[in-house]
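The values are calculated or read from the model by the stated rules, or taken from the named source; none is laboratory data. These figures come from a predicted structure and were not determined experimentally. Note: ideal-geometry Cβ built from the backbone for every residue, glycine included; neighbour counts use all protein chains shown.
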Ligand code: ASP
């Protein structure tokens with residue numbers, strides 16, 4: 001068995017955390033490839049090294065002095081190195097970084113140094129090989145990740161290593177320039193490495209004991225999901241679940257490699273398994289609840305709309321022409337509603353409305369703002385009767401007005417639109433009925 005283990009920033013924020021990570025890795029010989037993030041926050045008000053690097057580089061770019069800020073970053077690493085009693089100096093590395101900052105190497109380069117340096121420290125601590133991600137993870141000139149080239153080079157390189165550390169978050173263009181993934185992108189690197197070595201498991205270590213059924217800011221101590229499918233997780237991440245970078249699912253999904261989300265601070269917990277498919281029923285009918293605030297609904301009415309071929313296309317064309325993507329389009333006989341992100345739509349609203357008038361000649365258009373969308377997700381819904389009924393009964397009991405309902409044809413989720421101000425209460429009501437009371 002081969003395992004790829006990725007550790008997030010909070011798992012590597014201090015020497016103390018590094019020691020926990022070292023113990024986890026040494027406890028299982030199969031944990032042979034390690035992907036670290038940059039050091040994260042040690043306490044609530046602390047700053048992540050990645051953010052320190054962005055701030056430091058913006059000074060450099062503006063031609064200001066950045067010595068103090070760079071020294072603070074160096075101190076963060078030195079504290080870890082000292083706490084681990086390592087014979088390691090990053091002096092040379094920091095000289096190169098300072099020179100490249102002065103030479104305006106770009107903020108992708110700057111941010112990537114967080115993982116790069118942490119990878120060097122981690123490799124020294126574990127006695128593993130260090131592989132610079134710039135040599136094995138590639139981007140195309142248009143900025144897209146080059147999956148084929150990366151897989152070829154990375155799998156060949158790792159086939160010669162028994163144990164290695166590959167820093168997360170970045171790779172390079174053909175000319176050697178550094179490019180990072182979007183924020184939280186070390187998850188993607190972990191997934192890419194798992195694919196390259198054909199790992200049996202991709203363990204993703206963080207500071208929670210798995211994916212929670214609902215947002216802990218809304219529900220006190222929500223339960224952990226034991227098993228979730230890639231598709232369910234994708235629905236939930238799209239709607240605001242933050243545990244795992246959504247693009248990180250694709251590389252392992254192609255190979256059917258399961259992901260195990262684990263807690264560095266509670267390694268005995270089983271965590272959550274993210275799998276392709278499973279015959280395991282989830283403990284409850286629903287697997288998870290997620291949602292987002294800040295949507296607008298544009299209600300369009302026109303008599304006899306139902307018989308006008310092409311009406312829907314004309315409406316959506318106006319959104320397309322203004323570069324706005326839509327979320328949901330529930331429709332009635334003479335009405336059609338388009339849900340969009342309020343912040344994307346707001347400053348283009350009159351243009352879109354004018355476009356709809358021009359293209360589709362509706363009787364009226366009415367805009368409702370400050371709406372929230374909630375996704376109730378669960379593979380168990382397909383085979384259980386009455387799920388929607390229970391959702392709406394719970395919302396009615398909680399005095400919440402439902403503005404929109406949309407059930408995907410996969411029967412994997414039910415999307416509900418409510419007013420922003422009802423968002424938390426709606427999630428609590430749904431969690432209550434399915435998880436707490438389990439009626
Ligand atoms: N360090 C990067 C960030 O803060 C990438 C990561 O941690 O995954 O976004």
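Yes or no, residue by residue, for (1) more than 14 Å from the ligand (Cβ to nearest atom); (2) at pLDDT 95 or above; (3) in contact with a strand residue (DSSP E or B) (Cβ under 9 Å, 6 or more places away or on another chain):
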{"residue": "181", "(1), (2), (3)": "no, yes, yes"}
{"residue": "185", "(1), (2), (3)": "no, yes, yes"}
{"residue": "192", "(1), (2), (3)": "no, yes, yes"}
{"residue": "198", "(1), (2), (3)": "yes, yes, no"}
{"residue": "203", "(1), (2), (3)": "yes, yes, yes"}
{"residue": "212", "(1), (2), (3)": "yes, no, yes"}
{"residue": "216", "(1), (2), (3)": "yes, no, no"}
{"residue": "228", "(1), (2), (3)": "yes, no, yes"}
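Pairs, please: C-beta under 7 Å, at least 6 apart or cross-chain, first residue touching a residue at least 24 places away in the same chain (Cβ under 8 Å) and under 24 Å from residue 249 (Cβ atoms) and in segment 172-190, second in a helix (DSSP H, G or I) and more than 16 Å from the ligand (Cβ to nearest atom)? Here the result reads none, with nothing in segment 172-190 linked to a residue that is in a helix (DSSP H, G or I) and more than 16 Å from the ligand (Cβ to nearest atom). You will find that of 88, 84, the residue that is under 16 Å from residue 12 (Cα atoms) and either away from the ligand (no atom under 16 Å from the Cβ) or touching a residue at least 40 places away in the same chain (Cβ under 8 Å) (or both) is 84 and no other. The residue of segment 1-16 that is surrounded by the most Cβ atoms within 10 Å (Cβ to Cβ), among those that are under 17 Å from residue 86 (Cβ atoms) and more than 14 Å from the ligand (Cβ to nearest atom), is 14. Total residues in segment 211-222 satisfying the condition of being within 18 Å of residue 262 (Cβ to Cβ) and surrounded by fewer than 16 Cβ atoms within 10 Å (Cβ to Cβ): the figure is 1.
Counting only helices (runs of 4 or more DSSP H) wholly contained in segment 332-439, the ones carrying 3 or more residues that are touching a strand residue (DSSP E or B) at 6+ places or on another chain (Cβ under 6 Å) occupy 423-431. In segment 114-129, the residue that is nearest to the ligand (Cβ to nearest atom) out of those that are out of contact with any strand residue (DSSP E or B) (no Cβ under 9 Å at 6 or more places or on another chain) and under 24 Å from residue 183 (Cα atoms) is 114.
Residue 136 meets each of the listed conditions (1) more than 16 Å from the ligand (Cβ to nearest atom); (2) closer than 12 Å to residue 192 by Cβ; (3) surrounded by fewer than 23 Cβ atoms within 10 Å (Cβ to Cβ) apart from (3).
Where strands (runs of 3 or more DSSP E) fall entirely within segment 232-328, those with at least 1 residues that are modelled with pLDDT of 90 or more and surrounded by 21 or more Cβ atoms within 10 Å (Cβ to Cβ) are at 259-263, 272-275, 288-301. Checking the stated criteria, residue 61 turns out not to satisfy the condition of being in contact (Cβ under 8 Å) with a residue 12 or more places away in the chain, more than 16 Å from the ligand (Cβ to nearest atom) and closer than 20 Å to residue 131 by Cβ.
Counting only strands (runs of 3 or more DSSP E) that fall entirely inside segment 177-231 and contain at least 3 residues that are more than 15 Å from residue 270 (Cβ to Cβ), the qualifying elements are 178-180. Cβ-Cβ contacts under 8 Å between residues 6 or more apart (or on different chains), taken from a first residue in segment 99-122 that is at positive phi to a second residue that is at pLDDT 95 or above and surrounded by fewer than 20 Cβ atoms within 10 Å (Cβ to Cβ), are listed as 104/61; 106/177. If you go through segment 49-58 one residue at a time, how many are free of Cβ contacts under 8 Å to residues at least 60 places away in the same chain and near the ligand (Cβ under 9 Å from one of its atoms)? Number of matching residues: 1. For segment 146-169, a residue qualifies if it is under 30 Å from residue 98 (Cβ atoms) and in contact (Cβ under 8 Å) with a residue 60 or more places away in the chain, and the qualifying residues are 164, 165, 166, 167, 168, 169.
Determine whether residue 115 is assigned to a loop (DSSP other than H, G, I, E, B) and under 26 Å from the mean Cα position of the chain (by Cα). So residue 115 does not fit the description; no. With respect to being more than 23 Å from residue 1 (Cβ to Cβ) and under 18 Å from the mean Cα position of the chain (by Cα), residue 139 falls outside the description. Kindly check whether there is at least one residue in segment 145-158 that is out of contact with any strand residue (DSSP E or B) (no Cβ under 6 Å at 6 or more places or on another chain), away from the ligand (no atom under 16 Å from the Cβ) and not in a helix (DSSP H, G or I). No.
Based on this model, can you work out whether residue 391 counts as surrounded by 14 or more Cβ atoms within 10 Å (Cβ to Cβ), modelled with pLDDT of 90 or more and more than 23 Å from residue 278 (Cβ to Cβ)? Here the answer is yes, as residue 391 does meet what is asked.
When you scan segment 165-177, how many residues do you find that are surrounded by fewer than 22 Cβ atoms within 10 Å (Cβ to Cβ) and either near the ligand (Cβ under 9 Å from one of its atoms) or at negative phi (or both)? The number of residues fulfilling the criteria is 5.
Inspection of segment 29-44 identifies no residue that is closer than 29 Å to residue 193 by Cβ, over 25 Å from the mean Cα position of the chain (by Cα) and within 16 Å of the ligand (Cβ to nearest atom).
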